[in-house]
Every structure is written in structure tokens, then in C-alpha cells.
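Computed from the coordinates by the stated procedures, all read-outs in this text should not be read as laboratory data. Fair warning: this is a prediction, and the values are worked out from it, not measured in the lab. Cβ placement follows ideal geometry from the backbone for every residue including glycine, while neighbour counts extend to all protein chains displayed.
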Amino acid sequence: MVRRVFRFYYDGFRKMTWGRKLWGIILVKLFIMFAILRLFFFPDLLKRDFDSDEERADYVLEQITNP
Amino acid sequence: MLESIDMSLVDWSRGQFALTAMFHWIFVPLTLGLSFIVAFMHTIYVRTGDEEWKRITKFWMKLFGINFAIGVSTGIILEFEFGTNWSNYSWFVGDIFGAPLAIEGLFAFFMESTFIAIMFFGWNKVSKRFHLTASWLTAFGASLSAIWILVANAWMQHPVGTVFNPDMARNEMINFWDVIFSDMAVNKFLHTITSSFLLASVFVIGISAWFLLRKREVLFARRSTVVAAVFGVIAAIATIITGDTSAKIMAREQPMKFAAMEALYEGQTHAPLVAIGVMRTDTTKRLNPREEFIFKIEIPNALSYMVYLTPNGFIPGITDLVYGNEEQGFMPYEERIERGAVAIQTLKELKKAKERNDEATYSTLREKFNDPVWLDDYYKHFGYGYYKGREVKELIPNVKLSFYSFHVMVILGGHFLIFSIMALWLSLKNRWGNHKWLLWVALITMPMPWIASQAGWVLTELGRQPWVVYELMPTISAVTRLKPATVQLTFWIFLATFTVLFIAEIKIMVTQINKGPGGK
């Protein structure tokens, strides 16, 4: 069963014509998104800067009550 | 409060989010609509065994695949922005966004990506019925993906099924079903899905018209048009019905947005609906500056009738909402600002009491957040508190933009209905394609559903300003205090990336369309 499923996908990808270009675009796009944008420009600030949910809550409370 | 916030940061952050969302929305409606049209064509092939239907299905499946591939994961950037640019907001909304998006990730995306592979690779590899099932499941999977993000958006427009936890500064879900089955969420989903079907129908009819104009693949083009026109007529009617329901819900839950989209300043019974209008900015009246019509065509009583099914229904205007209308039960914004400020102050004191371990004060204040009367009297106005010391007109959305986006959407919606009916009627009489000018109309109409769809979102999102979470969290409080230059940089990076992707989409699509259904 696993072999058949693997074969199905393997053949599908191997015989792709116009789809190859699309896969190329998808991979480049994902690389730009996750390896460049996410890593260098879009950190999850609350996750990065605080260790616990209590600290995060405290920070946000400070922000929304003392703008 | 918030006098110190750099408004250019807010504007750039909003601009960046709008750019990303609008770019993402170029692809989503076509994916949603085309997936069902492809599944329907595939069904006709399986039922008839006619090889021409196979060619037709494969061609539109190919265009669906291109659109899906270019568009896929552009929405993920929005989630990046929540965490970086809107961290206060993303924390405040808590599991309202987390739960639906997790379900989307685990269920809908998995379903979509599994069956999409079978749909594309399955020709002559799996049984015809299983292959067809995969096409339908891809279509349903795409719609399921849309449900969750629309539910989250509906909650932002009309927060229900949650309570605010003042210790954690987040909203916590207490009733999942209230969140996903709020009338706002259900109608938003239906309106979005049906308008996406309409968009895809116009797309298919437009491309088919191009083939007919070139006298290429005539049978393919005529058959595609029939299927798309059937979809188009049904979708156009459903879009109008769900749009009407949207307006009724908006009038009840977001009266300011409703008044802004009609540029109605003074409330009235027998309120007319402005069918067409041109505005200018007047700086001489109360609520200066305000928008006045220099030209308009009205339908008498229609606005009152649309909401209440009677011309006697009172529609509040912008001044009724800002300055209050006791007779109609609208509290003035100044009062709401005062009450909101009390709620913010209470939250602040609660935090301080907790920090200094003052149990007695903490318990008293904490109790307020469980008291339905206090919640209704004060917490309900929480977001207004941020406008203490600011100009009250900051609480009014952009009237011109709300008005024009609403009217562009409605006028184009009417055009799509007439256009789809004509396409269907002439197709059934085997006369579609006989009139060259109609084919040109079909070609020119092709990009219009995108304009209508984007205009709809502009009304939805700009019309509810200044709120991110309606009446609870304004945009100025939701934004992360970053340097505006950082946001500007990513804005331009996105613009460049999106432009390249968009050009790639158009180029690959045009190449494949040129090759036609017989091309490799």
C-alpha cells in the first residue's frame, strides 16, 4: 500500500510538465517567506522576548493600559 | 491617552497588512470558485464518458493549479504580521484566532493538499469515481480552509462567545458554537463563497469568450460557458441575497459602518437609498469636515425598507451615533469614551493590586469583570476609552471610501447578474458567440469581480475603523510599537515580491490559455 502510494506520487511528480515551473515558484516563495522574511523581519515578538504567558500578559496589559 | 503614538507607524502597519491581504485575495476567490466549477465539469465527464469534457476539465484544472500554486501560502504572511506588527492584538484575541487557524492547518489544509495531488496525478491511475471524489474533496477542502479565517474575522467584527480574562489580558472562548455560528460568521462565509463562485464563473466565461473571438476550440468554449453561466446565475442571486442579509446584520451590529457606507449623517425614518452619488468634502458643518453629495440619485424609503422591511424603520445617521439620540437609544460617544476610560482604569488598577499583592482590592476589581451589569455598563465601551483627550471624529470611518466601495460592489454585482443571465440564456439557445460585442463585454467584465470583491473587503475592514476588535480594541492600541522605518522596509519588500509573483501568475496563465485545452 505504502509502496503504491509512493509510486503514485513519484510518477506524478516525474511526469509533470508545466507543473515543474509551478513547483519551482512554490519553493522559491516558501524560501523567501520562511528563510528570509520570517527569520529576519517577522519574529513573533511576544514569543521571542518573554519566557512565560504570565510575562506576555503583563507586557500586553502594560501596553493597553499605559499607552 | 495614546497621544504619543506615531500615526505613521499605524498607517504603515495598516498599509502593509492591507497590501498583503489584498494580494492574497487575488488568488483565494478564484481558487474557491474554480475548484467547484472543475469538480462539476469532472462530474459531467464521469457521467457521460465524453472525452471533450475530459479536455475541458483538464484545461480548467490546469488554470486552477496555476492559481493555487502562486497563491498558496501568501496568507501565511498575514500570520507573520500578527506576531510582529500586531502583537497586542494577537495576544488580546487569544484562542479566537488560534483555535480556528489550528483547525484549518490540521484539517482543511491536509485535506486540500492530499486530494489536490490525486486530482492532478490521478488521471488513469485511480478509478474514475475515486478521482472524481478527490476533485470534489479538493473543492470542499478549499472552502473549509476559508471558513476558519472568516469565522475569526467575523468575531473581530462582532465579538461573541468569549469572555475577557483581565489577568491574562486575553479573550477566552466560552462557547465555540456561538463563535462559529454567529449570524455574522455564517453570513460572511456564505457571502464570500457565493461571490467567489461568481468571480470564477465570470473568469471562465471571459476566457471562453476569448477562444470564441479567435474562433478556436468553439465546442470547448461553448460548453465551458454553459457550465459557468449556470454557476454564475445561481451565485449572483445567492450573492445578492447574502449581501442583503449582511447589510441587515451590519445595520444592527455596526450602525456606524452602515451610516458611513450610505454617507447618512442625519438619522431618519423613510431613509432613502443612494443608488449613485458623487461627494465633496464640506468644512462648514458640524463634524467638520464631512462629506456632502454634489450629485445623487436616491430610491425613496429603500434604506429603511432594506433593514426593517418597513419604511417607518429609523436608520441612525453618523451624528446620531456621535452625539447620541436618546429617543432612539443611542448613547453619545463622549459618554462611551468616559465609560471606556473607567474600564481601562479598572484594568490598570487590577494589575497594580496584583503586583503589590493587595488581595482585597484585587478581589473587588476582579469581581467587576464577572459582573454582567458592570460589563454592560463599562467594559462594553472599553475601546472608546482610548479616545479620551482625542477628537471624537477619529471614531468615524472614512465615509467617502466606505460609500464608494459599497456602491462599486453593488453596481458591479447587478452587472454580473444581468451578464450571467444573458450568457446562460444565449448559451441555451446556442446563440452565445454570435454577437462579437457580447464576447468583448465578457472579456472586459473578467477583471471586474476582483474589483467588486476587493471593494467588499475595503468596506468590511475600513468601514469598521477605528476598531480592530469592534468597540474593544482600536487599531492604535493593537499595533506593536516598532520603528516606522522597519515597517516601511517590509512594505516595499512585499510590494516587490508580490509584483513578481503577480507577473508570474499572469505570464504562466496566459501561456497556458494560449496553448488551449490541447496544449501540454
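Estimated at 0.36 nm per residue, the fully extended path between residue B:400 and residue B:489 surpasses their Cα-Cα distance by 29.1 nm.
Principal semi-axes of the equivalent ellipsoid, √(5λ) from the alpha carbon gyration tensor of region B:395-443, are 35, 10, 5 Å from largest down. FRET efficiency for the pair residue B:361 and residue B:160, taken as 1/(1 + (r/R0)^6) with r the Cβ-Cβ distance and R0 = 35 Å, rounds to 0.70. Which is the longest run of chain B containing none of the GluC sites (Glu not before Pro) found in DSSP loop states (not H, G, I, E, B) with at most 16 other C-beta atoms within 10 Å? Looking at chain B, B:4-265 is the longest stretch - no exposed GluC sites (Glu not before Pro) with at most 16 other Cβ atoms within 10 Å. Taken about its Cα centre, region B:309-450 carries a charge dipole of about 980 debye when Lys and Arg each add +1 at the Cβ and Asp and Glu each add -1 at the Cβ.
Rounding to the nearest 20 debye, state how big the charge dipole of region A:2-65 is about its Cα centre with +1 on each Lys and Arg Cβ and -1 on each Asp and Glu Cβ. Walk me through the numbers on the way to the answer.
Numbers: 12 positive and 9 negative charges, 276 e Å.
For this selection, approximately 1320 debye.
Extending 7 Å from Cα along the Cβ direction at residue B:411 and again at residue B:269 yields two label points whose distance is 3.3 nm. Toward the positive end of the charge dipole of region B:202-270, with +1 on the Cβ of Lys and Arg and -1 on the Cβ of Asp and Glu, the farthest Cα among B:259, B:204, B:219 is that of B:219. For residue B:279, the residues whose modelled amide H falls within less than 5 Å of its own, excluding neighbours fewer than 5 places apart on the same chain, are B:294. Taken along the Cα-to-beta-carbon direction at a fixed 7 Å, the label points for residue B:52 and residue B:177 span 5.0 nm. Measuring spread by the Cα atoms of region B:346-440 yields a radius of gyration and Dmax of 28.7, 83 Å.
In debye, nearest 20: dipole of chain B around its Cα centre with unit charges on the Cβ of K, R (+) and D, E (-)?
Details: 47 positive and 43 negative charges, 582 e Å.
Its charge dipole is roughly 2800 debye.
Suppose the Debye formula is applied to equal point scatterers at every Cα of chain B; what is log10 I(q)/I(0) at q = 0.09, 0.11 Å⁻¹? With no solvent term, the Cα-only Debye profile gives -0.72, -1.03.
The calculated FRET efficiency for the pair residue B:503 and residue A:55, based on their C-beta separation and a Förster distance of 60 Å, comes to about 0.85. Shown is the FRET efficiency for residue B:370 and residue B:312, computed with R0 = 51 Å from the Cβ-Cβ distance and rounded to the nearest 0.05: 0.80.
Using only alpha-carbon positions, what ratio does the radius of gyration of region B:225-348 give when scaled by 2.2 N^0.38 Å?
Working: Rg = 18.4 Å, N = 124, 2.2 N^0.38 = 13.7 Å.
So the Cα radius of gyration is 1.34 times the expected 2.2 N^0.38 Å.
For residue B:273, the residues whose modelled amide H falls within less than 5 Å of its own, excluding neighbours fewer than 5 places apart on the same chain, are B:299, B:301, B:302, B:303. At 25 °C and 0.890 mPa s, grab the translational diffusion coefficient of region A:2-65 from Stokes-Einstein with a Kirkwood Rh over Cα pairs, rounded to a whole number in µm² per second. Roughly 156 µm²/s, to the nearest whole number. Calculated mean residue ellipticity, 222 nm, chain B: -22500 deg cm²/dmol, from DSSP H runs (n ≥ 4) at -39500 (n - 2.57) each, averaged per residue and rounded to 500. Translational diffusion of the protein assembly as shown, estimated by Stokes-Einstein from the Kirkwood radius over alpha carbon pairs at 4 °C in a medium of 1.567 mPa s, is 50 µm² per second. Taking the centroid of alpha carbons for each part, region B:38-96 and region A:4-19 are 21 Å apart.
So what's Rg/Rh here for region B:384-479, counting alpha carbon atoms and using the Kirkwood radius for Rh?
Details: Rg = 20.4 Å, Rh = 16.2 Å.
Dividing the radius of gyration by the Kirkwood radius yields 1.26.
Relative contact order of chain B: 21 percent, from C-alpha pairs under 8 Å at least 6 residues apart in sequence.
Karplus-derived 3J(HN,Hα) values for region B:64-80, using 6.51 cos²θ - 1.76 cosθ + 1.60 with θ = phi - 60°, are 4, x, 4, 4, 5, 5, 6, x, 4, 6, 5, x, 4, 4, 4, 5, 4 Hz; glycine and proline are entered as x.
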